[in-house]
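*Asks:* The structure is given below, and queries will be raised subsequently.
The values are calculated or read from the model by the stated rules, or taken from the named source; none is laboratory data. Model, not experiment: these values are computed from the prediction. Every residue, glycine among them, receives a Cβ derived from its backbone with ideal geometry; neighbour counts consider all protein chains shown. Surface areas here come from the heavy atoms of the whole protein model, side chains and all, with no ligands, DNA or RNA. Shrake-Rupley method; radii C 1.70, N 1.55, O 1.52, S 1.80 Å.
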Amino acid sequence: MQFQQLLYFVAVAETRHFTRAAESVHVAQPSLSQQIKALERELGADLFRRARGNITLTDAGEALLPLARRILADADTARHEVMELAQLRRGRVRLGATPSLCTGLLPDVLRAFHDRYPGIRLLIEEGGSLDLVRELARGALDLALVVLPLPTASPALTTVELLREDLVVVSSAQAPPPGGGRAEVRIADLEGERLVMFRHGYDLRELTVAACRAEGFEPDFAVEGGEMDAVLNFVRAGLGVAVVPRMVATRPGLGLRVTPLSGPDLHRTIALAHRSDVDPPRAARELQRMLLQR
């Protein structure tokens, strides 16, 4: 009994027609008929009652059909399991993240993932949440770390909250401390401070500007337009202060003064997002698991 013979048998049983069955499994009809006859000889019983325009199962055929379907299903499952394992030996994961997460959260997780799956290429794209959502929607990314709430409603995305992170104010150790040197400052204390501001489209820019306006003032920019590393370097040079995530501000070796920022809603929520209509590849799902369990 051959696997191919069972495949042909199920095709005929489901279509009740030899020609249509042959078309469904992409084989010539005479070859299919020969294989069915060979299977019947092997089993010692007819599987079909053949009459012009009327193909029905015999009792032997009725008994074989559920077993054949199960064998074919198990073979399909086995093939997919092996393919899934193979994907963890080679392949790629396309991950999008905001620049602050690339410098703060991701390095340790990606190192652990690479140590476990050295054959998987990691392709990282930095950007703001709006850009990353667009890349997910067009299929250019498997996963993305985005800031909630998303800038636009995205019903086609599935998001899982990963962490909530406090925001802090960073300033040069050589410059006067913000807020008159208090242990904590409020957004209102930044009125009159020169701010080093991120580029347009950057999540932290939108959040900081909105918080300042909620306190009744427009922020005063000393420098604007940078990414995370540039902003930190400008602050270090004494050009102004900046509002950044705590995980970025507390990295070793930055040499910046870190002042907690008090007040409600002065945090950001990070979520892991992927398209709802497409399951991420096995390797991407494994990275997703490691991020959620970090």
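*Asks:* Taking only C-alpha pairs under 8 Å that are 6+ residues apart, what is the relative contact order of the range 27-170 in percent?
*Replies:* 18
*Asks:* Moving on to the next point. As a check on your grasp of the helix formula, calculate [θ] at 222 nm for the chain: sum -39500 (n - 2.57) over DSSP H runs of n ≥ 4, divide by the residue count, round to the nearest 500.
*Replies:* Result for the chain: -13000 deg cm²/dmol, rounded to the nearest 500.
*Asks:* Keeping every protein chain in place, order Glu135, Glu165 by accessible area at 1.4 Å, biggest value first, i.e. largest first.
*Replies:* Sorted descending by solvent-accessible area, the residues read Glu135, Glu165.
*Asks:* Hey, another quick one. When only the heavy atoms of the protein chains count and the probe is 1.4 Å, how do Asp74, Asp108, Asp131 rank by accessible area, highest first?
*Replies:* So the residues, ranked largest to smallest area, are Asp108, Asp74, Asp131.
*Asks:* Find how much the distance from Met290 to Gln29 grows on full extension, using 0.36 nm per residue of separation minus their present alpha carbon separation; answer in nm with one decimal.
*Replies:* 88.9 nm
*Asks:* Once you have a ≥ b ≥ c as the square roots of the Cα gyration tensor eigenvalues for the range 37-126, tell me rounded if a/c is under 1.5, and otherwise prolate or oblate according to whether a/b is larger than b/c.
*Replies:* prolate
*Asks:* Calculated from the structure, semi-axes √(5λ) of the Cα gyration tensor in Å equals which of (1) 64, 18, 14; (2) 27, 23, 18; (3) 33, 22, 19?
*Replies:* Working out semi-axes √(5λ) of the Cα gyration tensor in Å from the coordinates points to (1).
*Asks:* Largest first, how would Val258, Val169 line up by accessible area (1.4 Å probe)?
*Replies:* Putting Val258, Val169 in descending order of accessible area: Val258, Val169.
*Asks:* Here is a further query. Quick one: compute the contact order of the chain, relative version, from alpha carbon pairs under 8 angstrom and 6+ residues apart, as a percent.
*Replies:* After rounding, I find 20 percent.
*Asks:* Additional query: Relative contact order for the range 109-259 using alpha-carbon pairs under 8 Å, separation at least 6, rounded to a whole percent?
*Replies:* Dividing the mean separation by the residue count of the range 109-259 yields 28 percent.
*Asks:* Separation between the His200 and Thr19 pseudo-spin-labels, each 7 Å from Cα along Cα→Cβ, expressed in nm?
*Replies:* 6.6
*Asks:* Between His267 and Ile71, what length comes free when the chain is fully extended (0.36 nm per residue of separation minus the Cα-Cα distance, one decimal in nm)?
*Replies:* 65.1 nm
*Asks:* Roughly what would the spin-label model give for Glu62 and Val82, points 7 Å off Cα along C-beta, in nm?
*Replies:* For the pair Glu62/Val82, the computed spacing is 3.6 nm.
*Asks:* With every protein chain left in place, what is the accessible area of Asp59 in Å² (1.4 Å probe, nearest 10)?
*Replies:* Taking all protein chains as shown, Asp59 has close to 130 Å².
*Asks:* Stretch Glu218-Arg116 to full length: gain in nm at 0.36 nm per residue minus the Cα-Cα span?
*Replies:* My answer for the length gained is 31.9 nm.
*Asks:* Could you tell me the calculated FRET efficiency between Leu148 and Asn233, based on Cβ-Cβ distance and R0 = 30 angstrom, to the nearest 0.05?
*Replies:* 0.60
*Asks:* Treating only the Cβ of Lys, Arg, Asp and Glu as charged (+1, +1, -1, -1), what charge dipole size does the range 1-143 show about its Cα centre? Round to the nearest 20 debye.
*Replies:* Computed about the Cα centre, the dipole is about 400 debye.
*Asks:* Mind checking which of Ala97, Ala137, Ala45 has the largest fluctuation in a GNM of the chain, springs on alpha carbons under 10 Å?
*Replies:* Ala45
*Asks:* From the residues Gln87, Gly179, Leu132, which one has its Cα farthest along the dipole of the chain in the positive direction, the dipole being from +1 and -1 charges on Cβ of Lys/Arg and Asp/Glu about the Cα centre?
*Replies:* Comparing the listed Cα positions along the dipole, Gln87 ranks first.
*Asks:* Further question: Toward the positive end of the charge dipole of the chain, about the Cα centre and with charges on Cβ (Lys, Arg +1; Asp, Glu -1), which of Pro245, Ala60, Thr103 goes farthest?
*Replies:* Ala60
*Asks:* Which shape class applies to the range 162-243: rounded if a/c is under 1.5, otherwise prolate when a/b exceeds b/c and oblate if not, where a ≥ b ≥ c are the square roots of the Cα gyration tensor eigenvalues?
*Replies:* Rounded.
*Asks:* Treating only the Cβ atoms of Lys and Arg (+1) and Asp and Glu (-1) as charged, compute the dipole magnitude of the range 213-294 about its Cα centre; round to the nearest 20 debye.
*Replies:* The calculated dipole for the range 213-294 is roughly 520 debye.
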